[in-house]
Structures are given as structure tokens and as C-alpha cells.
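The values are calculated or read from the model by the stated rules, or taken from the named source; none is laboratory data. Bear in mind the structure is a predicted one, so any value in this text is a computation, not a measurement. Positions of Cβ are generated from backbone atoms using ideal geometry, with glycine treated the same way; all protein chains shown enter the neighbour counts.
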Amino acid sequence: MTFHVLAAMFGHETNVFSRIPTTRRNFEDSIFLRDDAVLPRLGATSTEFSGLAEAAAEFGWSVRTPLAAWATPGGRVEEDTFDTCAGIIADACRDALARGQLDGILLFLHGAMSTTGHDDAEGRLLTRLREVVPAGVPIAVTLDLHANVTPEMCRGADILCAYRTYPHIDQAETARRAAGLLHRAMRREISPRLMLARAPTLTGLDDGRTTAEGPMTAALRMADAAEASGDGGVLCVSLQAGFIHSVLPEAGPSVVLTCDGEQPDQAAIADRFVRHIWDTRAYNSCTFLSPQEAMERVAARRAAPIDGPIVVADYSDNPGGGAYGDATRLLEAVLAADIGRCAYGTLYDPEAVRTLWPVPEGETATLAIGGKIDPAFGPPLTVTGTVVRKTDGTFVGGGPRWKGVRMNFGDTVVFRVGAVDILICSKRVQCTEIETFTHAGIAPAALDVVVVKSMQHFRAAFAPLASEILVVDAGALCSETRRPPGAPGTVEAARP
Ligand SMILES: [Zn+2]
């Protein structure tokens, strides 16, 4: 029997404290594809759609893909944009039902989307779909592991699987896992039901990091053991570290069990995870440095020969957490220090790009860069430099995070101030791919220092070439300084 599966992506991590609303244009700048355009563009990438393509081939599914929409994290999604995207998915469900071609639904969501009208956007989406789709049609959902899972989301879905890596490099594998369970549900081999449990904390599971041993990696081993045992009919243990830049009462770490039917020991299994989350809630594997401390460490390291660049992460100004990407405190420290050849990726400043665009390559200019959205995170810096190169800011990601996906930083200028090549771009995008630099003629491996505006995702591509990684909290929108003090971490050597 051929099953008809409707699969759609609608993903946004909403930082409700951002001043920048998220519009349809923001989705179109990143991913906004309809129907037959989806699988040709995304079916062979690191996204969930390659997992879908594999599952469809293995199970012989007939697949319909009404929408793939994903935007850089930012402020609340405008209600009109949410309605448009939710409406596309709901209408496609209605149409498929009318044709007798809807056996299951596979949704690729983030789990921390808020709109201008609703804090729990995914809960609202799933409720809306359930009004259209009968209970006998299973809905499987994949989530980012920074999802804030709510009871409403769990009422709307039957199967829920979050990523198990941070940096998130298992989107396809996660989709594959959810698809396998969906197939069994459509065959009526299992009767999936969800159990949600939370610990009363906003932070925990080491923010979901899987690049250092800690609470998340320990929890994932517990999850593997729970799934392997079959106790309580547990089919999938989904662990979410949560996303703190939210006003949802449910924001924070959670566990969701997808179980086959209802069994008495399921609550006790969920409780083991809740206790683990609670007991380890203060642990943080990152050591956060101030910009000045980071520059002192770079200077000290450079006194001895080093093998590969020192990678400095501007954690608190990460567009991937909804920060503005134009904070200047770290940039100011980098420009004031003598740290050798450096590239800085990226500084979001469309106004500066417009000013520099008419300047011929090789010519100098003086202007104020950065610090325009909220100068509290560092004022605009007036600098004199040379326009080295201009690009349209588009390239295909080499991965692992966004392998095969078209990236779009908008018009971009490489502006050299002293020995620092600053990539000034026109769109807010997290720096996760090596190609962010190489597309503009910069080879990161040949530099002394590489600065990236990213919290953790940069590690997937940059850790292999880094001699050392330093994480800076310069007090921008995604600052961690509000966190309770955790266990002392260490400055990690990426390549011992
Ligand atoms: Zn995430």
C-alpha cells in the first residue's frame, strides 16, 4: 500500500526581546519554497528534507511538500506571515483529504516560535491542523533541541523527535527517525501518544551542547537506554534544552516521550529525565570571556607558534539566537589589539554596505559601522579602511550545519581596517559555514584569528581548523550573564 504523506517545514526561533519583527521577507531571504520546488532544492541537503527523501524512497511514500519556510531567528513573527504559512499547510491538508490522499503528516518545526499575536505559535499551528485533520491521521513533528514544548503542542502531535546534536548536524537523521515512527503508525503497528514533563528551570542540559561531555550527552545516553529497553513502550525520548528568550511559562528544558499506548511506568521514566535536568541545571561547559580578556589570551597564545587560527566566538551577538549581529564591543577590542591577520564575520550593517558600495575596490573610506540597532550593545565605530572586495553575499553552504543550502548574507563588503578584514553584510545570518569567508576570497585557515558571530554552531565547521576556541560574552542581546553561576568550565582546545 502506498501511503500519502504531507511534509512541511515552518521554522523560526523567536527572541521576543528583539526589536526587529520577523516578516515574510525574512523567510524569503532564507528559505521560502512551495510544492514542487522544495525537494529539488532541499532533498539533497543537510536539512530534514533529505531525511524525508530517504524515507519516501524506502517506504514507497507518495509525498506532497506544500511549504518549506525558515528564517534567521529574530523578533516575533508577524501574524500575517504566520497565517500565510499555516494557511498553506492547512489548505494542503484539506485538499489532500478531499482527494483521499492523506495518511500521515510530517512537520519540521523549531518549537520556539512566537508571533505578534501568540506566544506558542507551534501549539497554535498544530491545533489549527487538528481542526482540519481527523485523529486517525498521525502527525509526526521534528523540533530543534532549543524548543520550548507546550501541552498544546503535545495535544496536536502524535510523534515528536528533537535534534540530538548541538551544533545541529542531525536534521536529516531526526526527520528519518520521525518518519520511521510515522510509517509504523500509518501501518497501525503502533499507537503513539506523547508524554511531556518539565523541570521548573529556564536553563539546563548545558544548553543542549553535545561537543563537550556534560548533562546533555549524559541525558542522551539515558535516552538511548530507555528506547533500547522498550520499558513503558517508549519509542522515542526527545530532549529539549529550551530557549530562554521567550515569555512562555513553559520556556526551558523538557522531555517528551513518544510511547506506544499508555503504560503505568511512563511517568516514572519521564521523571528520571526531569530529575537529571534539575540536578544538573547549573552546569555550563562554556567559559565566557570579556572582549578584553579574549584579546589578552590571543596575544599570549600568539607569543608561541600556533597551528591554525584562534577562533573567537561573539556569543552574545549571535543572529542565530535572535541577536542583531551589529554589536561592536568585541569588534572595538579586536581593532584595538595587535593580534595579527584577522577576519571578522560578520557585521550586519546594510547602511554601511550602501555607503561603501560605490567605493572602488582598493580605495579607502571613513564611516561609522555597526551599533545602529541598539547602541547599548556597543556604539557605532568610526573607522577608516580599504574596500577589499564586494560580493552579493550568496553561496552554497559546505556544512555540516547547512550543507547544500543556499546562504544569503545580502550585498557584502570586505572592509580592511588595519589587519582585520571585516565582512559587512546586508542580512542577519549566523556565521556557521567556512564559505562565509571563502566566497569573499578569505581563507580562514591561513589567518591568525577568525571572529564569528555564533554561539555554538560555528564549531561544526570551524573547530577542525582552530588551534583554540575562545567564547566571548560582550553583553549583547543573547548575553548569558543573567545565568546562575555554573560549574567551572575550561577554555577548550579544539585540536589538542
Ligand atoms: Zn537550536
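Checking residue 216 against (1) more than 16 Å from the ligand (Cβ to nearest atom); (2) in contact with a Gly (Cβ under 6 Å, 6 or more places away or on another chain); (3) not in a loop (DSSP other than H, G, I, E, B): exactly one of these is not met. Which one?
Every condition holds for residue 216 apart from (1).
Any residue at all in region 400-414 that's surrounded by 24 or more Cβ atoms within 10 Å (Cβ to Cβ) and in a helix (DSSP H, G or I)?
no
For region 128-152, what are the residues that are within 16 Å of the ligand (Cβ to nearest atom) and without any contact (Cβ under 8 Å) to a residue 60 or more places away in the chain?
141
Name the residues in region 130-153 that are in contact with a Cys (Cβ under 8 Å, 6 or more places away or on another chain) and buried (at least 23 other Cβ atoms within 10 Å of the Cβ), would you?
140, 141, 142, 143
Which of the residues spanning region 373-388 are surrounded by fewer than 18 Cβ atoms within 10 Å (Cβ to Cβ) and more than 19 Å from residue 430 (Cβ to Cβ)?
375, 376, 379, 380, 382, 384, 386, 388
What's the number of the condition residue 365 fails, among (1) within 16 Å of the ligand (Cβ to nearest atom); (2) more than 30 Å from residue 13 (Cβ to Cβ); (3) of a type outside the set (D, E, K, R)?
For residue 365, the failing item is (1).
Can you find, within region 154-173, the residue that is surrounded by the most Cβ atoms within 10 Å (Cβ to Cβ) among those that are within 19 Å of residue 221 (Cα to Cα) and more than 12 Å from the ligand (Cβ to nearest atom)?
Per the criteria, the residue is 160.
For region 193-205, check the following and say yes or no: at least one residue is in the same structural domain as residue 14 (by TED's automatic domain parsing) and touching an Asp or Glu at 6+ places or on another chain (Cβ under 6 Å).
Scanning region 193-205, I find no residue that is in the same structural domain as residue 14 (by TED's automatic domain parsing) and touching an Asp or Glu at 6+ places or on another chain (Cβ under 6 Å), so the answer is no.
Could you list, in sequence order, the residues of region 355-403 that are without any contact (Cβ under 8 Å) to a residue 40 or more places away in the chain and out of contact with any strand residue (DSSP E or B) (no Cβ under 8 Å at 6 or more places or on another chain)?
358, 375, 376
Just to check your reading of the model, which residue among 25, 99 is charged (D, E, K, R), over 25 Å from residue 156 (Cβ atoms) and surrounded by fewer than 16 Cβ atoms within 10 Å (Cβ to Cβ)?
On the way: 99 fails: over 25 Å from residue 156 (Cβ atoms).
After ruling out the rest, the residue left standing is 25.
If residue 427 satisfies all but one of (1) assigned to a strand (DSSP E or B); (2) crowded, with 18+ Cβ neighbours inside 10 Å, what's the number of the condition it fails?
For residue 427, the failing item is (1).
Can you name every residue in region 220-247 that is within 16 Å of the ligand (Cβ to nearest atom), touching a Gly at 6+ places or on another chain (Cβ under 9 Å) and aliphatic (A, V, I, L, M)?
Across region 220-247, the qualifying residues are 239, 241, 244.
Can you tell me which residue is farthest from residue 473 (Cα to Cα) among those in region 276-292 that are over 23 Å from the mean Cα position of the chain (by Cα), surrounded by fewer than 20 Cβ atoms within 10 Å (Cβ to Cβ) and in contact (Cβ under 8 Å) with a residue 12 or more places away in the chain?
So, considering only residues that are over 23 Å from the mean Cα position of the chain (by Cα), surrounded by fewer than 20 Cβ atoms within 10 Å (Cβ to Cβ) and in contact (Cβ under 8 Å) with a residue 12 or more places away in the chain, the one farthest from residue 473 (Cα to Cα) is 278.
Hey, can you tell me all the residues within region 352-372 that are of a type outside the set (A, V, I, L, M, F, W, C) and buried (at least 16 other Cβ atoms within 10 Å of the Cβ)?
Hits for region 352-372 are 355, 370, 371, 372.
Tell me, please, whether a residue that is out of contact with any strand residue (DSSP E or B) (no Cβ under 8 Å at 6 or more places or on another chain) and over 30 Å from residue 117 (Cα atoms) can be found in region 188-204.
yes
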